[in-house]
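Trainee: Quick one: the structure is below, and I'll ask about it shortly.
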Amino acid sequence: MPEKFELQPSAEPSPNEQAAKERTRREFLQGTVALAGSLLAESMAPGSAGAQTTAMQSDIKRPNLVFFLGEGQRSNALSLAGNTILKTPNHDRIGSEGAVFRNAFCTNALCAPARATLLTGMYSRATGALSNQHLDVPLPADIPLFTDLLRQAGYEIAIVGKVHTHNGVEERNWNYYFGHNAPGNNYANPFFKEGRDGKVGPERQYEDVYPDDLATDRAIEWLKEDRGGKPFCLLVWFVAPHEPFFRARRHFDLYRNVEIPKPATFDDDLKGYPGKPACFAAAQNKIGTTPAHESTGSLEGMAKDYYAGLVAVDDNIGKVLTFLEAQNLLDETAIVQSSDHGFFLGEWRLFDKRLMHEPSIRVPMMIRYPKRIPPGVVREEQVLDIDVAPTILDLAGIAPPAHMEGKSILPLTRAADPDFRKEWYYEYFEWPNPEGVRPHRGIRTERFKLIHYVMEPEEFEMYNLAADPGETLNLYGDPAYKDQQKELWDRMVALQAQVPQRPRIGA
């Protein structure tokens, strides 16, 4: 990203606004530096969240925790969500026996920054993990992962599968690590690093095994170990169906005679992308025209392979659920399922993610824990990826630390809260990138969305989501929406100012 790129509002802030913003940023930086020497130790000190957890659990057994993370799984890529092509019975079980959040979103639709957000409960802007670049540069050591806090509270922690986060994850003190830091993997002969108790060995290649099958088998082997009654937190993060969308051998015949419907906007390119900015039309994330992405040569082939990858994911979720059930641990374990971001499957002839449009930013979000969550809960509130870390800590009885910018969604499983979140801020930074998607920021409310492409020439999109959920009619500049446009702009700038900015990783 060019040094001059800052994603700042066009209008100059007032002196008072600038002073407040600088004070917030300074306090944040001072606070995170202090975290390095105090937060983890204090998590078990008297009066701290860790000590509160210890006191609480003298009467209440702490749940085990399993966090299944999809890779680019759209919110409707579930049979539970009404998908008529894809069958996901094991995903569906989590949702039908627990809570489903129908309006869940990521705040930066790109793998590495989204995963950093899930682990820290903080926006990309606040962690400095803005893009997929500089994966060899660690996440700041003074920002704890939620798993660090769980470990300090007496949990054993493990992560398996696709980690793909700025380094500083494999360097943390995992009881077990079996992961890879690449965006994809070799689907026939995958690469992984393995380690225990904070020591991770060199990368090794495994022959003739599907990567998610191998990672899941390692996860189950770890679950079989005797941990002396300690609760566990297991992260199972899948690589499928990441491009090149290779299938597990058992699924080669899936969807052979299935027709893939063409999205209503698929042919908008032939019409000149009506209402869309020039930078949207010029981006290279188009099915069938990107030589760097040979596996996206056709909608039919890409969609079927994408769905087949998710069937493999569902198989592996089923393996873990079956094991837990056989060990009488399933109802003692809180299960969380989500995804790092969504994915375009032909809307506007697009593939990939990055953009702030609904197929890209919407993710599944489900929690199963029958001791605290009744079955069949469905909620409409807007929940975000920054909420995952506080929610998992809440499930464990640990008060989320103040630096986390999300909030637990566990209270929503008991009662709806129409005031939970009315609006939220989105930001995408990576430039240049292989798809030519321009950096942008935006605001989404329950009804409207405003997108601002920040590089010159600045361009905009604005939608009334209540009347136009497919985002086909760009209202930006429409005199009838002048007041609404100004209000969205002002709120977007205010939301950005509320997120302290950390120097970006790799700068």
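Trainee: Six or more apart or on different chains, Cβ atoms under 7 Å: show the pairs whose first residue is in the range 233-249 and within 29 Å of residue 149 (Cβ to Cβ) and whose second is in a helix (DSSP H, G or I) and among the hydroxyl-bearing types (Ser, Thr, Tyr).
Mentor: Here the result reads 233/147; 236/216, each pair linking the range 233-249 to a residue that is in a helix (DSSP H, G or I) and among the hydroxyl-bearing types (Ser, Thr, Tyr).
Trainee: Do you know which of the residues in the range 109-159 that are aromatic (Phe, Trp, Tyr) and under 17 Å from residue 388 (Cα atoms) is surrounded by the fewest Cβ atoms within 10 Å (Cβ to Cβ)?
Mentor: Step by step, filter the range 109-159, then rank; the result is 146.
Trainee: Are any of the residues in the range 468-480 farther than 30 Å from residue 293 by Cα, out of contact with any Lys or Arg (no Cβ under 8 Å at 6 or more places or on another chain) and surrounded by 22 or more Cβ atoms within 10 Å (Cβ to Cβ)? It would help to see each step written out before you state the result.
Mentor: First, pick out the residues of the range 468-480 that are farther than 30 Å from residue 293 by Cα: 468, 475-480.
Subsequent filtering for residues that are out of contact with any Lys or Arg (no Cβ under 8 Å at 6 or more places or on another chain) retains 468, 475-480.
Now drop any that are not surrounded by 22 or more Cβ atoms within 10 Å (Cβ to Cβ), which leaves none.
Looking through the range 468-480, none of the residues is farther than 30 Å from residue 293 by Cα, out of contact with any Lys or Arg (no Cβ under 8 Å at 6 or more places or on another chain) and surrounded by 22 or more Cβ atoms within 10 Å (Cβ to Cβ).
Trainee: Shifting gears a bit: Could you count how many residues in the range 271-285 are in contact with a Phe, Trp or Tyr (Cβ under 8 Å, 6 or more places away or on another chain) and either basic (Lys, Arg) or over 18 Å from residue 463 (Cβ atoms) (or both)?
Mentor: Summing the residues that are in contact with a Phe, Trp or Tyr (Cβ under 8 Å, 6 or more places away or on another chain) and either basic (Lys, Arg) or over 18 Å from residue 463 (Cβ atoms) (or both) in the range 271-285 gives 2.
Trainee: In the list 394, 387, which residue meets the criterion of being without any contact (Cβ under 8 Å) to a residue 24 or more places away in the chain and in a helix (DSSP H, G or I)?
Mentor: Details: 387 fails: without any contact (Cβ under 8 Å) to a residue 24 or more places away in the chain.
That would be 394, the only listed residue that is without any contact (Cβ under 8 Å) to a residue 24 or more places away in the chain and in a helix (DSSP H, G or I).
Trainee: Identify, from the list 98, 161, 154, 128, the residue that is touching an Asp or Glu at 6+ places or on another chain (Cβ under 9 Å) and more than 21 Å from residue 358 (Cβ to Cβ).
Mentor: So the residue among 98, 161, 154, 128 that is touching an Asp or Glu at 6+ places or on another chain (Cβ under 9 Å) and more than 21 Å from residue 358 (Cβ to Cβ) is 161.
Trainee: Would you be able to tell me the number of residues in the range 422-476 that are among the charged types (D, E, K, R) and either at pLDDT below 95 or touching a Ser or Thr at 6+ places or on another chain (Cβ under 8 Å) (or both)?
Mentor: 6
Trainee: Of everything in the range 82-104, what is assigned to a helix (DSSP H, G or I) and buried (at least 24 other Cβ atoms within 10 Å of the Cβ)? Give them in sequence order.
Mentor: Step one: list which residues in the range 82-104 are assigned to a helix (DSSP H, G or I), which gives 89-96.
91, 94, 95, listed by residue number.
Trainee: Can you name the residue in the range 321-362 that is among the aromatic types (Phe, Trp, Tyr) and in a helix (DSSP H, G or I) and, of all such residues, is surrounded by the fewest Cβ atoms within 10 Å (Cβ to Cβ)?
Mentor: 323
Trainee: Among the residues of the range 184-196, is any small (Gly, Ala, Ser), touching a strand residue (DSSP E or B) at 6+ places or on another chain (Cβ under 7 Å), within 27 Å of residue 310 (Cβ to Cβ) and at pLDDT 95 or above?
Mentor: First, pick out the residues of the range 184-196 that are small (Gly, Ala, Ser): 184, 188, 195.
Restricting the remaining residues to those that are touching a strand residue (DSSP E or B) at 6+ places or on another chain (Cβ under 7 Å) gives 195.
Restricting the remaining residues to those that are within 27 Å of residue 310 (Cβ to Cβ) gives none.
No, there is no match, as no residue in the range 184-196 is small (Gly, Ala, Ser), touching a strand residue (DSSP E or B) at 6+ places or on another chain (Cβ under 7 Å), within 27 Å of residue 310 (Cβ to Cβ) and at pLDDT 95 or above.
Trainee: Out of 305, 268, 314, I need the residue that is in contact (Cβ under 8 Å) with a residue 60 or more places away in the chain, within 23 Å of residue 460 (Cα to Cα) and not in a loop (DSSP other than H, G, I, E, B). Which one?
Mentor: Checking each option against the conditions leaves just 268.
Trainee: I'd like to check something: does the range 283-302 contain any residue that is in a helix (DSSP H, G or I), surrounded by 20 or more Cβ atoms within 10 Å (Cβ to Cβ), in contact with a Lys or Arg (Cβ under 7 Å, 6 or more places away or on another chain) and not acidic (Asp, Glu)?
Mentor: Taking every residue of the range 283-302 in turn, none turns out to be in a helix (DSSP H, G or I), surrounded by 20 or more Cβ atoms within 10 Å (Cβ to Cβ), in contact with a Lys or Arg (Cβ under 7 Å, 6 or more places away or on another chain) and not acidic (Asp, Glu).
Trainee: Moving to a separate point now. Looking for something over 27 Å from residue 130 (Cβ atoms) and either in contact (Cβ under 8 Å) with a residue 60 or more places away in the chain or among the aliphatic types (A, V, I, L, M) (or both) - is there at least one such residue anywhere in the range 416-433?
Mentor: The answer is yes; a qualifying residue exists.
Trainee: Against the definition (crowded, with 17+ Cβ neighbours inside 10 Å, under 19 Å from residue 342 (Cα atoms) and of a type in the set (A, V, I, L, M)), how does residue 454 come out, yes or no?
Mentor: For residue 454, the condition - crowded, with 17+ Cβ neighbours inside 10 Å, under 19 Å from residue 342 (Cα atoms) and of a type in the set (A, V, I, L, M) - is not met.
Trainee: Separate question: Which one is farthest from residue 446 (Cα to Cα) among residues in the range 456-499 that are in contact (Cβ under 8 Å) with a residue 60 or more places away in the chain and of a type in the set (D, E, K, R)?
Mentor: The qualifying residue farthest from residue 446 (Cα to Cα) is 458.
Trainee: To continue, here is another question. Looking for something surrounded by 12 or more Cβ atoms within 10 Å (Cβ to Cβ) and touching a strand residue (DSSP E or B) at 6+ places or on another chain (Cβ under 7 Å) - is there at least one such residue anywhere in the range 241-263?
Mentor: The answer is no, given that none of the residues of the range 241-263 is surrounded by 12 or more Cβ atoms within 10 Å (Cβ to Cβ) and touching a strand residue (DSSP E or B) at 6+ places or on another chain (Cβ under 7 Å).
Trainee: Which one is nearest to residue 289 (Cα to Cα) among residues in the range 438-448 that are touching a residue at least 60 places away in the same chain (Cβ under 8 Å) and over 19 Å from the mean Cα position of the chain (by Cα)?
Mentor: By that ranking, first place goes to 438.
Trainee: I would also like to ask the following. Do we have residue 71 as surrounded by 18 or more Cβ atoms within 10 Å (Cβ to Cβ) and over 15 Å from the mean Cα position of the chain (by Cα) here?
Mentor: For residue 71, the condition - surrounded by 18 or more Cβ atoms within 10 Å (Cβ to Cβ) and over 15 Å from the mean Cα position of the chain (by Cα) - is not met.
The values are calculated or read from the model by the stated rules, or taken from the named source; none is laboratory data. Since this is a predicted model, take the numbers as computed values, not measurements. All Cβ positions, even for glycine, are placed from backbone atoms using ideal geometry, and neighbour counts span all protein chains on display.
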